[in-house]
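Chemist: Shown below is the structure under consideration.
The values are calculated or read from the model by the stated rules, or taken from the named source; none is laboratory data. Quantities reported herein were computed from a predicted structural model and do not represent experimental measurements. Backbone-built Cβ (ideal geometry, glycine too); neighbour counts: all protein chains shown.
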Amino acid sequence: STPVQTVTLDVEHQTNNRLRFKFYDQSSLRYEVPMDMPGPETAASPEYEVGIPDSGHFYINVTRRDTGTVIWDSSLGGFTFADQFLQISTKLPSRYVYGFGEHEHATFHHDLNWRTWGMLTRDESPGPVKRNNYGVHPFYMAMEEDGNAHGVLLLNSNPQGDVTFQPKPALTFRTIGGLLDFYMFLGPSPEEVVQQYTQAIGRPFMPPYWSLGFQLCRYGYKNLEHIQNVVDGMRNYNIPQDVQYADIDYMERQLDFTLDHTNFHGLPAYFRQLQDEGMKTIIILDPAISKNETNYPAWDRGVQMDVWIKNEDQSGPAYGKVIIFYHPQNYRSLVGFPDFLKPSTHDWWHEQIVDFYNDPTEGIRFDGIWIDMNEPANFIPGNYDPTTNSGKCENNIWNNPDYTPWVMGDLYSKTICMDAHQEGTDGTTYRHYDVHNLYGWSQTPTTLRQVYQNIKDCNYDKTIVVTRSTFPGSGKSGGHWLGDNTSKWDHLHKSIIGMLEFNLFGIPYIGADICGFWGEPDREMCWRWMQLGAFYPYSRNHNQKDVIAEQDPSAWGPEFAEASRAVLLTRYRLLPYLYTLFYEAHTKGSTVVRPLLHEY
């Protein structure tokens, strides 16, 4: 990678408790994250001092003014700024560091013994070894030895080569594009760090009250009767349930905006019945749209409105494969990926959802949308290659850069090629290499704001979006679940860590699939998980297709049902308190679930 000859450092004293320092190439325009961030305000009495030597070895340090604690010190060396390799290291003021994601972490505070974490959004279930998961959050909070806290954000959406901890203690950032654009938040309390962070990236959305109730879902409902039997079972045991989901089973061959008339013909009427009875409904939508259909409006209108991510030479869409179930003649069925950075895509997405909602034949009246597979996920590596009926990417600096980040597989593994083209709101063209990590981030607000508020009987202030892929600022528009976890005690435990981390990230509407998604659940584990999950901010029981056992609370017999009912009734008694915490998160940026170190 070619070194940048002259690197410029800008330092902005933005407020008394927020500092920004940015390294960039003044002679060449480089990619910057297309995200609205606050500029300098008033910093009459900053809580920090910035030190830069006049000559000799270059470094930058930041000191907390009232205690003298050095909270950033890049004098370790190793600073590098090249076209596709950027690196900076800093000493840490203590060993107590939290954050960075999305990964499965064994403990809430980081292991600093040379642990490395890569960050690239990927359709990957949580796991312990080198697994970069659905979202990217290059933010950490550190506790200082005297109990003060500060936070640091690297605003960079390129593949984060890795974040490496050292026992010194120290931390090294590496990325393979963009800028080194840091924001520092001085706290000094942990809760104030999160409040200052969300003031910069956006306050969390205010969830509707009903979305704090217990929710039930399954991938693998066989037909409408299956859903009806589950809801009836919950009612027979008087177990509280506020929301019923429909996963991709309701679709015709997993095609967005369609209905399987063979197995789910009566679903629209049943969902309206549930709504009349006071229950809410949520459906799933995936971003990938099939091109190999006859008279499929979602694809046809997408072509007319030019919404697809383009291939490397911009001659057509960057095709992938996602749909599992094909007609035999469509075994080569392909999909296009909507470009949610593009304004015309917002109009198209709005049109498709509103038309489906109001369709008299297939339409489903829903109260919320769950958006999945938006890393974006692809079942082949890269763009479709007709010569192999699989995926392929050109061997260039975007798909195969000189430095390989510490992530699973190639950059295009389980997604599209990094040299694909996208387009921003001002006509700016981006390579997918730069904005891959923003795909779910760009889909979530248009799903909530530009679509929901225009649907009859479904106003903005009483709807919800839950997204799998996230980035700083995603919490403004949606919640998140911790992905396709496993029915193991270990994942029950680690769900607490993930829940705390996403509160740090400004996404407090968070939970894990209660009893686990993959695998056959154990009765005792599921019992205890229901008792834990009753206190998740987002409380949903969900599991995978083809497991033998049902795992909803009514499926395990009267004793299990009574225990579930009792703990959920405790949750419901606490809902006014939980709703108030969400209001404080929405207005002040506070956490909803927090570790003890935020209180003592």
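Chemist: Report, ordered by the first and then the second residue, all pairs with beta carbons closer than 6 Å, sequence separation of six or more or different chains, a first member in region 358-382 that is within 23 Å of ALA269 (Cα to Cα), and a second member that is surrounded by fewer than 18 Cβ atoms within 10 Å (Cβ to Cβ).
Modeler: So the pair list comes out as ARG365/ARG272.
Here is a yes/no grid of residues against (1) part of a loop (DSSP other than H, G, I, E, B); (2) closer than 17 Å to ARG174 by Cβ; (3) without any contact (Cβ under 8 Å) to a residue 24 or more places away in the chain:
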position	(1), (2), (3)
GLY391	no, no, no
GLU394	yes, no, no
TRP406	yes, yes, no
TYR412	yes, no, no
THR415	yes, no, no
THR425	yes, no, no
TYR433	no, yes, no
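Chemist: Same structure again: Just a yes or no: is a residue in region 489-504 within 22 Å of VAL33 (Cα to Cα), at pLDDT 95 or above and crowded, with 20+ Cβ neighbours inside 10 Å?
Modeler: Within region 489-504 (the criterion being within 22 Å of VAL33 (Cα to Cα), at pLDDT 95 or above and crowded, with 20+ Cβ neighbours inside 10 Å), the answer is yes, since at least one residue qualifies.
Each row is one residue, and each column tells you yes or no for (1) surrounded by fewer than 17 Cβ atoms within 10 Å (Cβ to Cβ); (2) in the same structural domain as PRO167 (by TED's automatic domain parsing); (3) among the hydrophobic types (A, V, I, L, M, F, W, C).
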{"position": "VAL62", "(1), (2), (3)": "no, yes, yes"}
{"position": "ALA82", "(1), (2), (3)": "yes, yes, yes"}
{"position": "PHE85", "(1), (2), (3)": "no, yes, yes"}
{"position": "GLY99", "(1), (2), (3)": "no, yes, no"}
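So that you can scan it fast, the table gives a plain yes or no per residue for (1) surrounded by 17 or more Cβ atoms within 10 Å (Cβ to Cβ); (2) of a type in the set (A, V, I, L, M, F, W, C):
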{"position": "PHE340", "(1), (2)": "yes, yes"}
{"position": "TYR384", "(1), (2)": "yes, no"}
{"position": "THR387", "(1), (2)": "no, no"}
{"position": "THR404", "(1), (2)": "no, no"}
{"position": "GLN422", "(1), (2)": "yes, no"}
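Yes or no, residue by residue, for (1) farther than 17 Å from HIS480 by Cα; (2) within 26 Å of the chain's Cα centre (by Cα):
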| position | (1), (2) |
| --- | --- |
| PHE560 | yes, no |
| ARG571 | yes, yes |
| LEU574 | yes, no |
| VAL592 | no, yes |
| TYR600 | yes, no |
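Chemist: Further question: Checking PRO40 against (1) touching an Asp or Glu at 6+ places or on another chain (Cβ under 6 Å); (2) in contact (Cβ under 8 Å) with a residue 60 or more places away in the chain, only one condition comes out false. Which one?
Modeler: (2)
Chemist: Quick one: would you say ASN437 is in contact (Cβ under 8 Å) with a residue 24 or more places away in the chain, in a loop (DSSP other than H, G, I, E, B) and crowded, with 24+ Cβ neighbours inside 10 Å?
Modeler: So ASN437 fails the test.
Chemist: Does GLU104 satisfy the condition of being touching a helix residue (DSSP H, G or I) at 6+ places or on another chain (Cβ under 8 Å) and surrounded by 18 or more Cβ atoms within 10 Å (Cβ to Cβ)?
Modeler: yes
Chemist: From LEU76, LEU9, LEU112, grab the single residue that is buried (at least 16 other Cβ atoms within 10 Å of the Cβ), at pLDDT 95 or above, in contact with a strand residue (DSSP E or B) (Cβ under 9 Å, 6 or more places away or on another chain) and of a type outside the set (Val, Ile, Thr).
Modeler: Working: LEU76 fails: at pLDDT 95 or above; LEU9 fails: buried (at least 16 other Cβ atoms within 10 Å of the Cβ).
Only one candidate qualifies: LEU112.
Chemist: Name every residue in region 529-572 that is of a type in the set (A, V, I, L, M, F, W, C), part of a loop (DSSP other than H, G, I, E, B) and in contact with a Pro (Cβ under 7 Å, 6 or more places away or on another chain), in order of residue number.
Modeler: Once the filter is applied, which keeps residues that are of a type in the set (A, V, I, L, M, F, W, C), part of a loop (DSSP other than H, G, I, E, B) and in contact with a Pro (Cβ under 7 Å, 6 or more places away or on another chain), region 529-572 yields only ALA549.
Chemist: From (1) surrounded by 24 or more Cβ atoms within 10 Å (Cβ to Cβ); (2) touching a Gly at 6+ places or on another chain (Cβ under 6 Å), pick out the condition that doesn't hold for ASP162.
Modeler: Result: ASP162 fails condition (1) only.
Chemist: A further question follows. Which is crowded, with 16+ Cβ neighbours inside 10 Å, of a type in the set (D, E, K, R) and not assigned by TED's automatic domain parsing to the domain that holds ASP513, of ASP372, ASP306, ASP355, ASP359?
Modeler: Numbers: ASP306 fails: crowded, with 16+ Cβ neighbours inside 10 Å; ASP355 fails: crowded, with 16+ Cβ neighbours inside 10 Å; ASP359 fails: crowded, with 16+ Cβ neighbours inside 10 Å.
Result of the check over ASP372, ASP306, ASP355, ASP359: ASP372.
Chemist: Same structure again: Consider SER1 carefully, then state whether it is part of a loop (DSSP other than H, G, I, E, B) and farther than 29 Å from GLY202 by Cβ.
Modeler: Details: part of a loop (DSSP other than H, G, I, E, B): yes; farther than 29 Å from GLY202 by Cβ: yes.
Yes, satisfied.
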